[in-house]
1. Output the residue which, of all residues in segment 1-25 that are surrounded by fewer than 10 Cβ atoms within 10 Å (Cβ to Cβ) and hydrophobic (A, V, I, L, M, F, W, C), is nearest to Glu72 (Cα to Cα).
2. Give the residue that is surrounded by the most Cβ atoms within 10 Å (Cβ to Cβ), with candidates limited to residues of segment 29-72 that are in a helix (DSSP H, G or I) and charged (D, E, K, R).
3. Scanning for something assigned to a helix (DSSP H, G or I), acidic (Asp, Glu) and either within 30 Å of Thr4 (Cα to Cα) or touching a residue at least 12 places away in the same chain (Cβ under 8 Å) (or both), does segment 73-87 turn up at least one residue?
4. Mind telling me which of the residues Leu26, Leu64, Leu69 ends up being modelled with pLDDT of 90 or more and either farther than 30 Å from Ala2 by Cβ or within 19 Å of the chain's Cα centre (by Cα) (or both)?
5. Within segment 7-35, can you find the residues that are charged (D, E, K, R) and farther than 16 Å from Gly100 by Cβ?
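The values are calculated or read from the model by the stated rules, or taken from the named source; none is laboratory data. Just so it is clear, the model here is predicted, and its values are computed rather than measured. Cβ atoms come from the backbone with ideal geometry, glycine included; neighbour counts cover every protein chain shown.
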Amino acid sequence: MAKTSNLYARIEPDVKEQAETILSALGIPVSNAINMFYKQIIMQRGIPFEMKLPQGHVLDMSQLTEQQLHAELEKGYADIAAGRTKPASEVFDSIRKDYGV
């Protein structure tokens, strides 16, 4: 089948750049990757990967009462006192390794 349809999408520039770098290293043109994604949507009859919220709950600080905020801060202080922390450099190194950035 001839490829005659165009697709226009807005995407964050850094996301686009990172994805295109990976696709280039794999030797896959962006248009082929998008076509593969669309074919998987058809075959799976939905998004071809699991989409869910992260484990646990994410706190919305704007919704906390003053008491709840103080309780969350106390948890953080307890973690620091117990040594359950990591240096920021270690955390960022781990993120860079995991996400190839």
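1. Taking the candidates together, the pick is Val15.
2. Just the residues of segment 29-72 that are in a helix (DSSP H, G or I), to begin with: 30-44, 61-63, 66-72.
Now narrow it down to the ones that are charged (D, E, K, R): 39, 66, 72.
Details: Lys39: 11, Glu66: 7, Glu72: 13.
Here the answer is Glu72.
3. The first filter runs over segment 73-87 and keeps only residues assigned to a helix (DSSP H, G or I), leaving 73-81.
Checking which are acidic (Asp, Glu) leaves us with 74, 79.
Among the residues that remain, those that are also either within 30 Å of Thr4 (Cα to Cα) or touching a residue at least 12 places away in the same chain (Cβ under 8 Å) (or both) are: none.
The answer is no; no qualifying residue exists.
4. Sole residue among the options that is modelled with pLDDT of 90 or more and either farther than 30 Å from Ala2 by Cβ or within 19 Å of the chain's Cα centre (by Cα) (or both): Leu69.
5. Arg10, Glu12, listed by residue number.
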